[in-house]
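Engineer: There's a structure below that I have some questions on.
The values are calculated or read from the model by the stated rules, or taken from the named source; none is laboratory data. For clarity, every value in this text was computed on a predicted model and none was experimentally measured. Neighbour counts run over all protein chains shown; Cβ positions are idealised from the backbone, glycine included. Heavy atoms of the whole protein, side chains included, go into the accessibility calculation; ligands, DNA and RNA do not. Shrake-Rupley method; radii C 1.70, N 1.55, O 1.52, S 1.80 Å.
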Amino acid sequence: MKYIDQNIINNLLVSEAKTDTAKLDSILDKAKLLKRLSLRESAALLSVSDPAYIQKIFNTASFVKDKIYGRRVVLFAPLYISNLCRNSCLYCAFKSDNVSIKRKALAPSEIKSQTELLLRQGQKRILMVCGEAAPQGKENIDYYVEAVRAIYSAEVGKNKIKRVNVNCAPLSVEDFKKLKKSGIGTYQLFQEVYHHETYLRMHPKGPKSDPDNRLDAIDRAFTAKIDDIGIGVLYGLYDYKFETLGLLSHIEHMEKSFNVGPHTISVPRIEPAEGVEMSLNPPYKLSDEEFKKVVAVLRLSVPYTGIIMSTRESPKMRDLLLSLGVSQISAASRTSPGGYSDLEREDATGQFSLNDHRSLDEIVETLINHDYIPSFCAACYRKERTGEAFMQLAKPGTIKGKCSMNALITLKEYLDDFSSDKVKAIGHKMIERYFRELDKSDQERLKLFFAHVDSGVRDEYV
Ligand code: SAM
Ligand code: SF4
């Protein structure tokens with residue numbers, strides 16, 4: 001696979017397998033200074049198996065997470081618009097030869113009404129997801145652009161979707177330009193597996209069977225000036241240490257070629273999928289302990305990149321991973337087209353099963369009880385603080401201050417418009433607590449924003 005040198009990765013996994021404690025300590029010291037780690041240093045941390053030292057890695061990851069991101073956690077919901085697909089990924093329910101699921105591609109009017117249901121819950125950020133095939137007679141890109149427009153056109157009271165991120169099949173530079181123009185935030189594409197032979201085995205048919213085309217898609221997206229990019233590994237397909245170093249090698253390539261790394265990293269683990277034998281027993285199933293280590297090592301290796309956690313994981317695991325580095329979580333998700341209105345359809349057309357079934361309000365409640373500020377903010381994207389501009393802001397820690405202010409404004413909007421009385425009570429207490437921590441001038445600014453929210457204004461940010 002291009003840019004991913006398997007020999008280098010394999011050699012590092014051997015040479016760093018038994019790194020002494022003094023060297024490991026010096027790596028953690030470097031990480032505490034919020035410095036990006038080298039591939040070699042990440043390999044050394046991934047190789048640690050002593051539970052006491054792993055705890056030390058976790059503590060350092062929590063320190064770094066808190067330093068850069070503060071207490072805020074960004075919330076979003078996936079919106080599956082279609083499960084039609086031309087590929088045959090061995091792990092996915094949407095694969096073309098799976099006859100166990102019903103096929104459905106939502107029309108723009110259905111996409112709009114699904115979005116309204118999400119807006120009514122209080123959601124403000126959507127991740128649009130689909131298989132790699134458009135409804136008959138349509139080009140993929142035209143369908144995607146139509147869908148993004150439909151999402152942005154939905155309105156409930158004064159609430160609209162602020163940011164649509166997209167996880168869809170790779171496109172040409174021209175088509176990526178059209179997608180960018182439709183107003184998307186992040187473009188997400190997971191390589192799934194960086195180990196070449198495994199990639200070929202897992203993707204036997206369709207356009208996705210070419211690993212280099214998929215890897216190059218990230219470069220094409222950058223070339224089309226989409227500078228917020230999300231990448232990821234589907235854990236369970238190959239050895240987790242190799243895969244994490246594969247992902248980090250890909251990031252090195254992005255940094256070298258485009259001067260900016262990914263905006264987010266996703267770390268899905270394979271979940272059981274309807275009619276898909278392999279998903280029940282993945283070849284390299286990752287234990288919970290290994291999974292936590294992966295998240296912590298990623299947090300330390302690329303401190304300024306957001307880490308996303310979906311509802312594939314259980315509430316307990318998700319709550320725990322927030323302290324190790326996760327900065328964005330999905331909430332109250334459905335993985336089937338139309339799933340937000342048709343609860344039965346989830347089993348018949350869903351992509352995989354989920355482990356966190358809490359409502360958005362319940363998730364907000366848990367976050368507040370764990371002293372995390374739920375955030376519905378999309379200010380960076382609105383103010384064009386994306387790509388390199390975002391990284392420049394993020395690095396000195398400036399973003400933490402802005403983010404906390406915006407998180408508090410959007411939390412107040414959520415509490416006033418959508419939350420239960422129980423959550424309102426604890427939410428307002430949280431806002432008061434964090435308000436007191438701000439300096440005088442920020443307090444004055446925030447008071448003004450809050451007065452606007454009280455008078456019905458929505459969607460203001462710093
Ligand atoms: N079809 C596009 C693609 O493959 O890139 C985008 C959407 S696909 C529905 C989104 C992601 O779902 C895939 O990239 C894959 O990582 C993940 N996925 C597929 N099957 C899964 C499973 N059984 N469990 C967990 N995640 C899965
Ligand atoms: Fe299609 Fe994506 Fe599922 Fe593969 S992972 S079968 S490309 S929807």
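Engineer: Karplus couplings for the range 319-325 from phi (6.51 cos²θ - 1.76 cosθ + 1.60, θ = phi - 60°), rounded to Hz, Gly and Pro as x?
Structural biologist: 5, 5, 5, 4, 6, 8, x
Engineer: Please list, ordered by chain and number, the residues whose modelled amide H lies under 5 Å from the amide H of Val233; skip anything fewer than 5 residues away on the same chain.
Structural biologist: When sequence neighbours closer than 5 places are left aside, the close amide H contacts are Ser266.
Engineer: Shifting gears a bit: Determine the calculated [θ] at 222 nm for the chain from helices alone, applying -39500 (n - 2.57) to every DSSP H run no shorter than 4 residues and normalising by the residue count; nearest 500 deg cm²/dmol.
Structural biologist: When only DSSP H runs of four or more count, the value is -15500 deg cm²/dmol.
Engineer: Separate question: Using the Karplus curve 6.51 cos²θ - 1.76 cosθ + 1.60 with θ = phi - 60°, work out ³J(HN,Hα) for each residue of the range 28-38 in order, rounded to whole Hz, and write x for Gly and Pro.
Structural biologist: Going residue by residue, I get 5, 4, 4, 4, 5, 7, 6, 8, 5, 8, 7 Hz, with x marking Gly and Pro.
Engineer: May I ask you to give the percent of accessible area on the chain that is carbon plus sulfur, with a probe radius of 1.4 Å? Could the numbers behind the result be given before it?
Structural biologist: Values: 9050 of 18010 Å².
Looking at the chain in its full context, I get 50 percent from C and S.
Engineer: What residues qualify as long-range amide H neighbours of Val73, i.e. H under 5 Å apart, gap of 5 or more or another chain, H built at 1.01 Å from N?
Structural biologist: For Val73, whose amide H was placed from the backbone, the distant partners under 5 Å are Ile373, Ser375.
Engineer: Under the Karplus relation 6.51 cos²θ - 1.76 cosθ + 1.60, θ = phi - 60°, what is the ordered set of whole-Hz ³J(HN,Hα) values for the range 284-298, x standing for Gly and Pro?
Structural biologist: 10, 3, 8, 6, 4, 5, 5, 4, 4, 5, 4, 4, 5, 5, 5
Engineer: Given the C-alpha centroids of the range 2-54 and the range 142-164, what is the distance between them in whole angstrom?
Structural biologist: Taking the Cα centre of the range 142-164 as reference, the centre of the range 2-54 is 43 Å away.
Engineer: May I ask which residue of Gly206, Leu300, Tyr284 lies farthest towards the positive end of the charge dipole of the chain, with charges of +1 (Lys, Arg) and -1 (Asp, Glu) on Cβ and the Cα centre as origin?
Structural biologist: Positive-most Cα among the choices belongs to Leu300.
Engineer: Given Cβ point charges of +1 (Lys, Arg) and -1 (Asp, Glu) and nothing else, what value in debye, to the nearest 20, does the dipole of the range 67-382 about its Cα centre take?
Structural biologist: That gives the range 67-382 a dipole magnitude of about 900 debye.
Engineer: Dipole of the chain (Lys/Arg Cβ +1, Asp/Glu Cβ -1, origin at the Cα centre): which of Thr223, Ser42, Gln188 lies farthest to the positive side?
Structural biologist: Going by the charge dipole, the pick is Thr223.
Engineer: Given a cut-off of under 8 Å on Cα pairs at least six residues apart, what relative contact order in percent is computed for the range 232-363?
Structural biologist: 24
Engineer: Another question, if that's okay. Percent of Cα-Cα pairs more than 39 Å apart in the chain, please.
Structural biologist: Every Cα pair in the chain considered, those over 39 Å come to 17 percent.
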